Amino acid sequence: MPDERHVVVVTGMSGAGRSTAAKVLEDLGYFVVDNVPAVLIPPLVENAARGDNPRPQVAVAVDTRAGLDFHELEEARAALDTAGVPNTLLFLDASDDTLISRYEENRRPHPVAGETLAESITKERGALETLRGESDVIIDTTDRSVHDLRRAVEDAFRGEVPRRPMKVAVTSFGFKRGLPRVLDLLFDVRFLPNPHWVEELRPRTGLDPPVRQYVLGQPDAEEFLGRITDMLAFLLPRYEEEGKSYLNIGVGCTGGNHRSVAIAEELVRWLRQRDIDVVVRHRDLGS
C-alpha cells in the first residue's frame, strides 16, 4: 500500500454500485468505512493515520442513509484540504430505468421515502444534483457489469497518489442507442462515409484493419483528427492545472461499430504516444 495520504469519498445514487466500488477500493489497500456522517470524516481520517498500524489511504462511503448533506460534505472536504490531505469525490450514477430494475430485482426498499420507487429515485437525484456536479470522478454503471465497474474503479484509483496525472477515458458509441451519461467532450463522426454501406466491410468493426483504413483514408478524416488532437493538446494541460483528475471523451457514429471505433482507437494511439494515462471502451461494439 502506498504511503501517501489520500481520501476517497464514495457517494452517488442508491443502487448505482457504491458498495461494489468501496469493495474494490478495499482490495486496492484503502481502509474502507461505510455509512459515515460527513461531519465525522475528518476525525476518522486523522485517527486512521495514527497508531501502530496507520492507514494513510481511507475510503468513506456516504449516502442518504446517513442523512447526506452537501454542505456538510463540502465542509468536511475543506477541512481535509486545510489539513493537507488530498481527497477525491467519487460519484456512482445510473439511469433511472436501470435503478428501478435493480431495486425490483433485489426487492429492497429505497432509502429515500416516496409514494413509488420512481418518485424515491427522482427525489434522491434532485438532492444529489449539486454533489454530482462537484464530483472529481463520475462512473456511470448503466451499461456496466460488476466486472466492468471493478475495472473502472481500478483504472481511476490503482496507485492513487496526490496530484496524480489526469486519467482519460475514451468511449466509442452509437447515437441510435443514446449518449453515454458521463461525457466531458463529445465528437460526432457521422459526417464520415459509413462502412456499413460497403458490403465487405459491414460485418467487420473499426478494430479490423480494412475498416480502419477505409475510415482513416477518407479525405476529411485526417484533418478532423488533426483538429481534435490540436484541441486536446491545448486542453489537457489546462484541465490538469485546474485539478481535473478524470476526463471522459465520447466518439459517436450511428451504430457504434465502425467509424466511432476507428476514430476512438486513433485518439487513444495519439494519447498513449504522449504518455497520457488512457483507457478505451467500445460501448456498442457488436450490438
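The values are calculated or read from the model by the stated rules, or taken from the named source; none is laboratory data. Everything quoted here is computed from the prediction, not taken from an experiment. A quick note on method: Cβ atoms are made from the backbone with ideal geometry, for glycine too, and the neighbour counts reach across all protein chains shown. Quick note on the areas: whole protein, heavy atoms, side chains included, nothing else; ligands and nucleic acids left out. Shrake-Rupley method; radii C 1.70, N 1.55, O 1.52, S 1.80 Å.
Kindly list the number of the only condition in (1) outside any loop (DSSP other than H, G, I, E, B); (2) at pLDDT below 90; (3) open to solvent by 80 Å² or more (accessible area, probe 1.4 Å) that fails for A156.
If we test A156 against (1) outside any loop (DSSP other than H, G, I, E, B); (2) at pLDDT below 90; (3) open to solvent by 80 Å² or more (accessible area, probe 1.4 Å), just (3) comes out false.
Show me the strands (runs of 3 or more DSSP E) found entirely inside region 4-100 where at least 3 residues are at pLDDT 90 or above, buried (at least 22 other Cβ atoms within 10 Å of the Cβ) and of a type in the set (V, I, T).
6-12
Among the residues of region 104-122, which ones are surrounded by fewer than 20 Cβ atoms within 10 Å (Cβ to Cβ), at pLDDT 90 or above and assigned to a helix (DSSP H, G or I)?
Within region 104-122, L117, A118, E119, T122 meet the criteria.
So which of R269, R259, R281 ends up being of a type outside the set (S, T, Y) and without any contact (Cβ under 8 Å) to a residue 12 or more places away in the chain?
R269 is the lone residue from the list that is of a type outside the set (S, T, Y) and without any contact (Cβ under 8 Å) to a residue 12 or more places away in the chain.
Please verify whether region 205-218 includes one or more residues that are open to solvent by 40 Å² or more (accessible area, probe 1.4 Å), within 24 Å of L149 (Cβ to Cβ) and over 23 Å from the mean Cα position of the chain (by Cα).
yes
Considering only residues that are among the aromatic types (F, W, Y) and modelled with pLDDT of 95 or more, which ones fall in region 235-287?
If the condition is that a residue be among the aromatic types (F, W, Y) and modelled with pLDDT of 95 or more, then W270 is the only one that fits.
Suppose we keep only residues that are over 14 Å from D188 (Cβ atoms) and among the basic types (K, R) within region 250-278. Which one would you say is surrounded by the most Cβ atoms within 10 Å (Cβ to Cβ)?
R272
When both residues are 6+ apart or on different chains and their Cβ atoms are under 9 Å apart, which pairs have a first residue that lies in region 69-89 and is in contact (Cβ under 8 Å) with a residue 40 or more places away in the chain, and a second that is of a type in the set (D, E) and open to solvent by less than 60 Å² (accessible area, probe 1.4 Å)?
Pairs found: P86/E160; N87/D136; T88/D136; T88/E160; L89/D136.
I'm trying to understand the selection: among the residues of region 213-232, which are under 15 Å from L201 (Cα atoms) and part of a helix (DSSP H, G or I)?
Scanning region 213-232 gives Q213, Y214, V215, L216.
Among the listed residues L247, L235, L186, identify the single one that is in a strand (DSSP E or B) and surrounded by fewer than 15 Cβ atoms within 10 Å (Cβ to Cβ).
Criteria check complete, one pass: L186.
Within the bounds of region 172-180, is there any residue that is open to solvent by 30 Å² or more (accessible area, probe 1.4 Å) and either over 30 Å from R18 (Cα atoms) or at pLDDT below 90 (or both)?
Scanning region 172-180 turns up no residue that is open to solvent by 30 Å² or more (accessible area, probe 1.4 Å) and either over 30 Å from R18 (Cα atoms) or at pLDDT below 90 (or both).
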